[in-house]
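A short worksheet on the structure shown next.
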Amino acid sequence: MDPEPSKPVIGSRLWVALAVVAGLLILGDLNRRMSSAVRLEQQAAQAATEVVALHTQNAQLATQLAAATSEALVEEWARREVKMVRPGDHLVIPIPPPGQTIVPVSNATPAPPLPGPWEIWRALLLGL
């Protein structure tokens, strides 16, 4: 009886090492996929929140648009702001008594000062 040749130990150890490396690579890829899935779920939740907020804002704007285009509001604005009258109405504008002056009321807000050239360059270069 011939003694059976023993299998090389180096070959089996090589296969085990390759299996361990392949397992580590698979685990690394699985970890990467799981972290990207968590990130995508967070982004989806944030997008869903933004969608709900935008639907709410859309409903508010639709209500404002309906109110702004109503006949009663347009007529009130025309009478109050533009001093328009209907046929048969008489426009009455009170005048101050003699010797009293009217102080005009300014609702305009002053424009913000324009940025200097160095501020423009700083914003362009540094993104501030």
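The values are calculated or read from the model by the stated rules, or taken from the named source; none is laboratory data. From a predicted model like this one, the values you see are computed outputs, not experimental measurements. Counting neighbours? That spans all protein chains shown, and the Cβs are built from the backbone with ideal geometry, glycine included.
Out of the residues in region 81-107 that are at pLDDT below 85 and on the phi > 0 side of the Ramachandran plot, which is surrounded by the fewest Cβ atoms within 10 Å (Cβ to Cβ)?
For region 81-107, the residue satisfying everything is GLY99.
What pairs can you find where one residue is in region 66-95 and within 23 Å of ASN107 (Cβ to Cβ), the other is of a type outside the set (Gly, Ala, Ser) and surrounded by 10 or more Cβ atoms within 10 Å (Cβ to Cβ), and their Cβ atoms are less than 7 Å apart, with a gap of 6+ or different chains?
ALA67/LEU73; ALA78/MET84; LEU91/VAL85
Is there a residue in region 108-117 that is out of contact with any Lys or Arg (no Cβ under 8 Å at 6 or more places or on another chain), modelled with pLDDT under 90, in a loop (DSSP other than H, G, I, E, B) and surrounded by 10 or more Cβ atoms within 10 Å (Cβ to Cβ)?
Scanning region 108-117, I find at least one residue that is out of contact with any Lys or Arg (no Cβ under 8 Å at 6 or more places or on another chain), modelled with pLDDT under 90, in a loop (DSSP other than H, G, I, E, B) and surrounded by 10 or more Cβ atoms within 10 Å (Cβ to Cβ), so the answer is yes.
Return the residue satisfying two criteria in turn: it lies in region 66-80 and is surrounded by fewer than 10 Cβ atoms within 10 Å (Cβ to Cβ) and in a helix (DSSP H, G or I), and of such residues it is farthest from the chain's Cα centre (by Cα). Let's see the steps before the verdict.
Within region 66-80, the first condition is being surrounded by fewer than 10 Cβ atoms within 10 Å (Cβ to Cβ), and the residues that meet it are 69, 71-72, 80.
Next, from what is left, pick out any that are in a helix (DSSP H, G or I): 71-72, 80.
Values: GLU71: 34, ALA72: 35, ARG80: 37 Å.
Here the answer is ARG80.
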